Structure formats: C-alpha cells, structure tokens
1. For Glu470, which of the numbered conditions (1) out of contact with any Phe, Trp or Tyr (no Cβ under 9 Å at 6 or more places or on another chain); (2) within 18 Å of Thr245 (Cβ to Cβ) fails to hold?
2. Considering only residues of region 237-269 that are touching a residue at least 24 places away in the same chain (Cβ under 8 Å) and small (Gly, Ala, Ser), which is surrounded by the fewest Cβ atoms within 10 Å (Cβ to Cβ)?
3. So, in region 200-219, exactly how many residues are more than 19 Å from the chain's Cα centre (by Cα) and open to solvent by less than 30 Å² (accessible area, probe 1.4 Å)?
4. Take Val351 and decide whether it is modelled with pLDDT of 95 or more and either in a strand (DSSP E or B) or in contact with a Phe, Trp or Tyr (Cβ under 8 Å, 6 or more places away or on another chain) (or both).
5. Considering only region 173-199, how many residues are within 25 Å of Ser248 (Cβ to Cβ), surrounded by fewer than 24 Cβ atoms within 10 Å (Cβ to Cβ) and out of contact with any Pro (no Cβ under 7 Å at 6 or more places or on another chain)?
6. Tell me, which helices (runs of 4 or more DSSP H) lie completely within region 414-484 with 3 or more residues that are among the basic types (Lys, Arg) and open to solvent by 60 Å² or more (accessible area, probe 1.4 Å)?
7. Suppose we keep only residues that are in contact with a strand residue (DSSP E or B) (Cβ under 7 Å, 6 or more places away or on another chain) and open to solvent by 50 Å² or more (accessible area, probe 1.4 Å) within region 313-342. Which one would you say is farthest from Phe445 (Cα to Cα)?
8. Given the structure, is Leu396 more than 19 Å from the chain's Cα centre (by Cα) and assigned to a strand (DSSP E or B)?
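The values are calculated or read from the model by the stated rules, or taken from the named source; none is laboratory data. Keep in mind the model is a prediction, meaning the values are calculated, not measured. When we count neighbours, we look across all protein chains shown, and the Cβ atoms used for this are built from the backbone with ideal geometry, even at glycine. The protein model used for the area step is the full one, side chains on, heavy atoms only, and it has no ligands, DNA or RNA in it. Shrake-Rupley method; radii C 1.70, N 1.55, O 1.52, S 1.80 Å.
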Amino acid sequence: MASAAASAHIQATPTLCAAAKPPLQMHSEHPQRKRVLFVTSEFADLIKCGGLGDVSAALPRALSPQHDIRLLIPGYRQVVESGRPIRIVGQLPGLAALPPCQIGRMDLADGLIVYVLLNPALYERDGSPYVDDQGRDWADNHIRFARLGLAAAEIATGDAGIQWRPELVHANDWPAAMAPAYMAWRQASTPSLLTIHNLAYQGLCDMRCASELAIPESACGVDGLEFYGQLSFLKAGIAYAQHVTTVSRRYAREITTPEQGCGLDGLLRAKVQINQLSGIANGIDESWHPESDPHLLQGFSAGDWAGKRANAEYVQQWLGLDDDGPLFAVVSRLVQQKGIDLTLQVAEHIVARGGRIGVIGQGEPALEAAMAELGRRHPGRIGVHIGFDESDARRLYAGSDFLLMPSRFEPCGLSQMYAQRYASLPIARCTGGLADTIEDGVNGFLFDAPRADAYRQAIDRALQVFDHPELLEAMRCQAMSAPLYWRQSVQPYDRLFQRLLSQANAHRALR
C-alpha cells in the first residue's frame, strides 16, 4: 500500500481494465518524430544524486521538439510525495522474485511525461535511490533495479497495459542496464540504446541471484552477464543493447583500454569493431546563463564583472574567507575518483601563494573529515561546507576565479562547463570529457599525470594568468563562450536514433 501522503497524489484510471489491453499508439504524428522511452534512476526535477539526474532532466527536454520522448523512473518517496499528481495507467505482473508493480503517469508543467514505477515496498524508503540513510547499499538493489529494467521491457513489448509503446528504449547506466537484456530475452523487436555515464559503477550482484531475476541459464556465462564470478547489470546492457554510447568522445576511447575499461574493455572493443560504440558529449541546460540566473546575487556578462564580484563577496561571507587573493572553487562529490586527495595535497601550496579555496560537496566520510580539518587549519583562507545547496554552488562558480577538478577519470563532467559559463577557469586533469571541453591555456588549464606535482604546475600557470588582468579577462571571455548547451547535442542523438530504427526495420523485413 502507498503511504497516505503518496496516495493523495496517485489516482486510479477508471477506464483501465486488467482483462483487456487498450489499443497501442503505434504511429507517430510526424514520420520523423519517434517514440523514445528514456529509462533512468534519477531525474533532477524530482530526485538527484549526481550528473545523471541533470542529464535525465535536460536531454529528454532538448529532444522533445523532435521526438515523443518519455521517462521511466522508480517511484521513490521523493517522487510520489513531490506534490505532482500521478495517474495509474498500467499494471505489471510479477516474475520470479520481481514483484508486481503499477505504472503511474505524471505530466509535468512543460509537457514532459514521466512514467513512475510504483511499488512502495521497493522504492518508498528513506535515503537515496541507492543507499540507506547510513550510506549503505540497499541489500535488494538487484531486485529494485532489475524490476526497473523489466518494466521498460514490458512497456516496449506492449505488456504494460498503457496506450503508448516506444519505438526505441534508451537505458542509462547500470540501474537501467537490464532493460536491453530483458527485451532480448522477450524477443522484442524494439531496438535499445545504453548510455554509460560512469563505467566504474557496474551493478554487481551474486551469481546466485540469477533465478531471482529470471535470468536464463544460457545468459549466465562469460558471453552474457558473468563478470569475475558475479552478475554485472552494466555488462548485460553492453552485451544486449544494439548500440552503446558514452558521454564524451574521449571517454568512449578510454574505456576500450585496460587502464580505464574496468574489466569490460574487451567487450567494449568488440562493440567498436561492429560500430556499436560511440561518444556524444553532454551539454548543460539553458538555466546556466550568468546574465539571468535567479540563483545569483547579481547577474553579469563578459566584460562586465560587477556581478561576478558581488557573488564573490557573498562566498567570502558564507565561507568566512578573507577578501584578498584569487579564489579557487571545489564543487564536487568528495570521492577518490574526483581527485580530492590531490586537492588536499596542493591546498597548502595555494594558500602559500596567496590564494583562497572555497569548498562545497559531500561524499566519502574520510575525505569529508580531511577537507573539514583543512578548513579549520586555515581559517580565512580555506572555507568548507559539507553538504550541497544549488544556489550556493552556483554562487561559488560565479564568484570564483578558478575551479579545481583533478579527476582521476571523468566520463564527461558538467562542473567544468558550469564554471566556464560563469567565467571561472577550470584547472583539470587531461582525461575524458575534461580533455574534450577544455583547451589548455585558452579557456582553462590541463595537466596530464594524476600527481600533486603536475597539479601544482597547472595551478602556478593559472596564478601567472591571474597576475595579468588583460590575459585573465581574455581567457574568461573564451571560457564563457565554450560550453555546449543540450540543444547542440540533439543532432547526433537524432542521427543515432534514426540509424537504429532503420536497422531495426531492415531486420524486420528480413524475417
């Protein structure tokens, strides 16, 4: 049963009958307008843990003028208690240990349609989509997200009872990666696309879970889901999807190497050989405009820096910083991948050179504690806020001179583009999407090796630029014009959609 708060916003559809399927919408209004189901575990409008939530909110909206694109997300407590009405439009039976669910429909104010997978026992919990309020993975995550993948497959095959059926299923990261597999096992003719946002998170579970998840025995070998004695959701998606994308061109190359392939590089190289792996860069959404962003204390534009100074003054007061010296920002999850330990190593150098550091983020407890202790040791020069607030983060981007982003790997990265748009020059490791979006010495600074000495050298180059105001202003102006907006990513996605659908139609014709 749904909670009282949730049930107030969930309405049954009187015309829905379990005994009869409604007619499916099989034709688009325009021949080029395709029906796409976007399957994700996060959606920034309702629940967000990281960049996936931002992408899931922005990309479907950017594509919606060209396609009938709808989302499928789990009915977390934050979703069903968001205050937006949810209308029941479908019923799903159970399978093995995957329980029955309902499909709810949520219509957002801008016209975007979100299908919500409703099962209170699975999804309506305290904590995040992936972990409890103590930071521990939910023990039944394999059930929770396999159910999401199965629901996508049921919608694709017309077995969900809803009056809409996708021509393409677009699954995102490991929580949705079982969708292509269940579609294949159900012999769905609908093509599937998997986007890898971060290969390091694979959705692993015990091999003994195969029967719970209704995984065929034939799929449990090395050519299927088996990954060093476990089952890998992400491997399932890679193996069964008709195409795999990553979120930058360079990351698409990097994950085919043993160094960054996380044990899946062989399978990914095989995808390259049959032209089924590519990279399409993420963009940023239209809200990132420094002239009009309502989160900022004062807007600004290239060459008119009064608003940038106003946001810097807010950051100084908020974090208790002195008012002199270049301001370096850290807006990040505080985790090893993001190179936070490297920033801890170079912080003393920045302070010794007259710089200040402002930090906002949360993550691994040890790194949170180390960053907080760093702030205590350098009052007035380093200010640390453990947690996250959208307005404060945007003001820190806007008020800072430089962004510190020494990621060990970075599939795409959004922070460097946010910083650039707000005239904060990123100092970043030359990897993944950071290398694709930062031109060294033009709109930011890059360094190669994930070592403190290489990082310090990049910081010293940035400080030299800071000492030459004309050069600093020129780089700021270059940075502000650099980031891609999502509308610029529509064309490559549109071409890929058309190609996958043409291949699917050709395959059907040969049957």
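1. Result: Glu470 fails condition (2) only.
2. Step one: list which residues in region 237-269 are touching a residue at least 24 places away in the same chain (Cβ under 8 Å), which gives 237-255, 260-264, 267-268.
Filter once more, keeping what is small (Gly, Ala, Ser): 237, 239, 241, 248, 252, 261, 263.
Working: Gly237: 29, Ala239: 22, Ala241: 26, Ser248: 24, Ala252: 22, Gly261: 16, Gly263: 13.
Ranking the qualifying residues of region 237-269, first place goes to Gly263.
3. Qualifying residue count for the region: 6.
4. On the way: modelled with pLDDT of 95 or more: yes; either in a strand (DSSP E or B) or in contact with a Phe, Trp or Tyr (Cβ under 8 Å, 6 or more places away or on another chain) (or both): no.
Criteria not met by Val351.
5. Start the filter on region 173-199 by keeping residues that are within 25 Å of Ser248 (Cβ to Cβ), which leaves 173-180, 191-199.
Those still in the list that are surrounded by fewer than 24 Cβ atoms within 10 Å (Cβ to Cβ) too: 197-199.
Narrowing the set further to residues that are out of contact with any Pro (no Cβ under 7 Å at 6 or more places or on another chain) leaves 199.
Adding up the residues that qualify gives 1.
6. Details: elements: 415-421, 432-437, 452-466, 469-480.
Of the helices (runs of 4 or more DSSP H) lying wholly inside region 414-484, none has at least 3 residues that are among the basic types (Lys, Arg) and open to solvent by 60 Å² or more (accessible area, probe 1.4 Å).
7. First, the residues of region 313-342 that are in contact with a strand residue (DSSP E or B) (Cβ under 7 Å, 6 or more places away or on another chain): 315, 319-322, 325-335, 339-340.
Still in the list and also open to solvent by 50 Å² or more (accessible area, probe 1.4 Å): 322, 333.
On the way: Asp322: 25, Arg333: 21 Å.
So the residue we want is Asp322.
8. Details: more than 19 Å from the chain's Cα centre (by Cα): yes; assigned to a strand (DSSP E or B): no.
It is false that Leu396 is more than 19 Å from the chain's Cα centre (by Cα) and assigned to a strand (DSSP E or B).
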